[in-house]
Amino acid sequence: GAATSPTAAAPRNESDAPSLSPVVRENALAGTRDWMLDKTWIDPKTRYRSPRVEGYCSDTSVRPGDALEVMVSTNPPAPFTLDIYRMGYYGGTGGRLMRALGEFEGTTQTDPEVGDMRLRDCQWTTSASLKIPEAWVSGVYVGKLTELVDGIQSYVIFIVRDDREADFMFQCSDTTWNAYNRWPDQYALYDNGETEWHLGAGTATSFNRPYGKYCQVVDTPLSIGSGEFMLWEFPLVFWLEEQGYDVTYTSNLDTHRDGKGLSRVQGFLSVGHDEYWTRPMYDNVMAAIQDGMSAGFFSGDTCWGMIDLLPDGPDHPHRHITRIDHFGPVDEELVKHYPAVGEYPHAGPDQALMIGGRDVSGGAAWTCSAEGHWIFAGTGMKNGDGIPGLVGFEWHGAPANIPGLEVVATGTARTGGAEGTYASTVYPGPKGNVVFNASTIWWADGLSEPPGYVRPATYTEPQGPDGRVQQITHNILNRMRKRPT
């Protein structure tokens with residue numbers, strides 16, 4: 001029953017290019033695997049930090065013409081270079097070199113003191129800066145830092161956004177990257193000085209610091225400096241651009257501050273581990289759905305924690321985050337394990353009314369329960385057919401009471417000694433649009449396996465690219481842009 005999906009063709013000549021999307025034209029250019037980190041080192045005393053070379057960017061997303069500053073520390077002081085790559089398909093290489101900067105004289109920058117709410121706010125001096133070229137296509141960009149004494153490397157990461165109309169908007173889950181970032185050692189949103197999995201209020205984290213190595217579920221060197229992008233999001237970027245979809249990229253923060261900008265796309269894509277939202281993010285996406293935008297939640301644990309955005313000064317209003325509530329009703333089972341969750345005001349709206357279900361943890365096969373539904377066209381899937389390991393490590397259950405909502409895949413997911421029922425759903429919007437809920441962080445694992453990708457395994461293990469997942473995704477995206485499946 002597995003289906004295959006054709007690879008998008010590059011332009012045959014220059015005269016073909018103007019009729020194609022910027023992403024297709026971009027991917028026709030020569031790529032390289034040099035974006036990958038060759039040599040990494042983590043200080044074992046911290047478990048997550050790469051002090052030999054580490055850095056962060058002045059903004060999460062920038063437009064062409066904007067200035068971007070990169071703050072870098074090398075300990076001990078050492079010269080370094082900064083090579084900037086756009087991440088995509090590029091003939092299977094995964095990236096294209098956009099700019100080589102340096103060498104620079106690296107210095108050891110001061111670690112920030114522990115502030116209110118255990119905030120670690122680096123106010124490092126600028127090491128390198130550039131004006132984003134007008135020709136740079138919207139996408140996710142990494143800067144590979146290389147210190148030139150021993151060759152140790154890490155990343156910085158940023159998004160180039162635009163304001164054009166496009167079929168799809170890929171929202172990076174960077175507020176969640178920030179929340180789980182433990183740099184320099186135990187200072188994630190979850191670290192309150194007493195436990196490393198605190199779910200209550202009273203902690204804050206900053207974008208003004210490097211991303212440490214990712215702290216759970218999967219061990220991958222490519223997470224050093226790149227948040228969670230390489231883990232759950234890059235496989236979908238790689239596949240979308242391979243297939244030639246017209247896509248533009250944004251940050252969670254763009255969804256917060258530019259609700260009107262959602263009107264420029266047919267479909268909004270929430271990807272991977274998209275846990276932390278502000279109330280304006282929720283309101284903006286809900287309003288856009290009511291106005292006819294489709295949405296694909298190719299994600300799990302989505303819109304659970306409600307955060308507030310805090311400034312680091314008059315010119316940077318959105319540089320820190322703090323957890324202030326959670327979306328949806330009180331989860332009494334969660335409160336048993338994490339009593340601090342019960343202390344919230346619980347004033348947030350139900351995330352299930354946007355997504356189609358609520359978040360839970362565990363793993364399972366993704367099992368068809370609505371054979372004949374349009375999302376299964378071309379897959380051959382029947383009720384009971386499952387895609388092994390695709391559900392994890394967190395998912396959505398408790399389908400919402402939304403008119404027309406259908407459960408298209410469901411089953412029992414297990415976590416330790418407990419179990420629950422996950423539900424992947426589809427519901428119609430008011431203007432012929434559609435909202436799909438994949439009910440898993442790991443959906444993109446079934447689409448592609450880019451260079452450097454490390455498959456996760458906890459509770460269960462996904463099995464990698466599957467033609468059925470690819471065909472289902474084609475069907476959903478085509479329905480979103482109102483084209484035949």
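Computed from the coordinates by the stated procedures, all read-outs in this text should not be read as laboratory data. Remember, predicted model here, so these are calculated numbers, not experimental data. Positions of Cβ are generated from backbone atoms using ideal geometry, with glycine treated the same way; all protein chains shown enter the neighbour counts.
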Reciprocal of mean inverse Cα separation for the chain (Kirkwood radius, Å): 22.6
Residue-averaged 222 nm ellipticity for the chain, from DSSP H runs of 4+ at -39500 (n - 2.57), nearest 500: -3500 deg cm²/dmol
Long-range HN-HN contacts of Asn433 with modeled amide H, under 5 Å: none
Debye intensity ratio in log₁₀ form over the Cα atoms of the stretch 152-191, taken at each q of 0.15, 0.28, 0.36 Å⁻¹: -0.57, -1.04, -1.18
Per-q log10 I(q)/I(0), the stretch 305-382, q = 0.12, 0.22, 0.25 Å⁻¹ (Debye; single scatterer per alpha-carbon; no solvent): -0.60, -1.04, -1.17
Debye intensity ratio in log₁₀ form over the Cα atoms of the stretch 408-453, taken at each q of 0.21, 0.33 Å⁻¹: -0.86, -1.14
Computed Kirkwood radius, in angstrom, where 1/r is averaged over Cα pairs of the stretch 363-485: 14.8
Span per principal axis, largest first, for the Cα atoms of the stretch 112-169 (Å): 44, 37, 20
Projected area averaged over orientations for the stretch 260-395, convex hull of C-alpha atoms, nm²: 10.8
Total charge dipole magnitude, the stretch 57-200, about the Cα centre, Cβ charges on Lys, Arg, Asp, Glu only, Debye to nearest 20: 500
Residues whose placed amide H lies under 5 Å from that of Leu447, excluding near-sequence neighbours: Asp466
Cα lying deepest toward the dipole's positive end in the chain, options Leu405, Gly202, Asn178, charges on Cβ: Leu405
Long-range lysine pairs (8 or more apart or interchain), the chain, Cα under 17 Å: 5
Whole-Hz ³J(HN,Hα) from phi, Karplus 6.51 cos²θ - 1.76 cosθ + 1.60, for the stretch 400-412, glycine and proline x: 6, 8, 10, x, x, 5, 10, 8, 9, 8, 7, x, 9
5 angstrom amide H check on Glu275, placed H, neighbours 5+ away: Thr176, Cys303
